[in-house]
Amino acid sequence: MAVRTVGVVGCGLMGSGIAEVAARAGLAVVVREVSDALLAAGLGRIDRSMARAVERGRLSPADRDAARRRILGTTALSDLGACDIVCEAIIENMDAKKALYRDLDGVCPPETVFASNTSSLSITEMAAVTRRPARFVGLHFFNPVPVMKPVEMVRGLQTGDETLAAARAFAEQLGKTVVACKDHPGFIVNLLLVPYLLDAIRALEVGVATKEDIDTAVTLGLNHPMGPFTLLDFIGIDTTYYIAEAMYTEFKDPRYAAPPLMRKMVLAGLHGRKTGRGFYEYTAT
């Protein structure tokens, strides 16, 4: 199956990135948001991202303009009806995703592939609410999408071989490196990453060291590009919290139970860079 037109549902941080890389790869893109305001914000994010790529010499002005013309923004779900593949990048909430896929199933023809960008939720469970479980796959991109190379390709219980081949070819067309895994909570990266991040918060809670010293120890001692608290602020403390909760629900393993400090920060709206304050404070640029 050749992908020529890509649908993206959600134009937030991840959705806008997926839309951008697809357009830059020469594909037509239809990106849908639930309101004009959110759509404008998402398209603005794409414009700023491509402007930075031009400034850094990674994209020519002509290619930027051509890519931008390939992107159609909409608030109508029905506009996704002609897409070969639809990538969903909405909130990490199973009920919200299921509701969306029920609606999409009635909009898109049977041959359209559905691909969820979920970072932890069950592909099999989402696929079960559609009439196309064989054409349902997980494609978990990493933030920032235009920069990060890996994509976790997740096979649900009923995902077909043809769908996997099409999903791999699509991701590789976007210049990504595909890593394949089964439908297991957390897939590869979050299965390993989330306990590490939660342990860092627990270490801070009990006073092992300051957040600054923990970050420095990890960056210099483990050669990580950033420490756990800088990374949590970058990913989003709320996003990590929801992933941890989903994994704890599945495993009932205390390693995936969110620490009290994390819950309090989520409730207080201290979500990291996107809110201006998390474990560190950030000024708008």
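Descriptive notes on the structure:
- First in region 11-36 and in the same structural domain as GLN173 (by TED's automatic domain parsing), second anywhere and at pLDDT below 95 and in a helix (DSSP H, G or I), Cβ under 9 Å, 6 or more apart: LEU13/LYS274
- Within region 257-285, the set of residues being surrounded by 13 or more Cβ atoms within 10 Å (Cβ to Cβ), of a type in the set (A, V, I, L, M) and free of Cβ contacts under 8 Å to residues at least 60 places away in the same chain comprises ALA257, MET265, VAL266, LEU270.
- Considering (1) acidic (Asp, Glu); (2) closer than 23 Å to GLU92 by Cα; (3) surrounded by fewer than 19 Cβ atoms within 10 Å (Cβ to Cβ), the lone condition that GLU212 does not fulfil carries the number (2).
- Screening ARG68 with (1) assigned to a helix (DSSP H, G or I); (2) over 27 Å from CYS108 (Cα atoms) gives one miss only, at (2).
- Residue in region 258-276 that is of a type in the set (A, V, I, L, M, F, W, C), in contact with a helix residue (DSSP H, G or I) (Cβ under 8 Å, 6 or more places away or on another chain) and outside any helix (DSSP H, G or I) present: yes
- Flag for GLY207 being modelled with pLDDT under 95 and either outside any helix (DSSP H, G or I) or assigned by TED's automatic domain parsing to the domain that holds ASP253 (or both): no
- Check on MET153, in contact with a helix residue (DSSP H, G or I) (Cβ under 8 Å, 6 or more places away or on another chain), surrounded by 21 or more Cβ atoms within 10 Å (Cβ to Cβ) and closer than 21 Å to VAL194 by Cα: yes
- Within region 235-256, tally of residues that are surrounded by fewer than 17 Cβ atoms within 10 Å (Cβ to Cβ) and either touching a residue at least 60 places away in the same chain (Cβ under 8 Å) or within 24 Å of ALA209 (Cα to Cα) (or both): 4
- Residue in region 49-65 that is in a helix (DSSP H, G or I), within 20 Å of the chain's Cα centre (by Cα) and either assigned by TED's automatic domain parsing to the domain that holds SER119 or in contact (Cβ under 8 Å) with a residue 60 or more places away in the chain (or both) present: yes
- Matching residues in region 210-246 - criterion: being in a loop (DSSP other than H, G, I, E, B) and among the polar types (S, T, N, Q): THR210, ASN223
- Candidate set: region 26-35, residues that are in contact with a strand residue (DSSP E or B) (Cβ under 9 Å, 6 or more places away or on another chain) and more than 18 Å from LYS274 (Cβ to Cβ); chosen: the one surrounded by the most Cβ atoms within 10 Å (Cβ to Cβ): VAL31
The values are calculated or read from the model by the stated rules, or taken from the named source; none is laboratory data. None of these values were measured; they are calculated from a predicted model. Cβ atoms come from the backbone with ideal geometry, glycine included; neighbour counts cover every protein chain shown.
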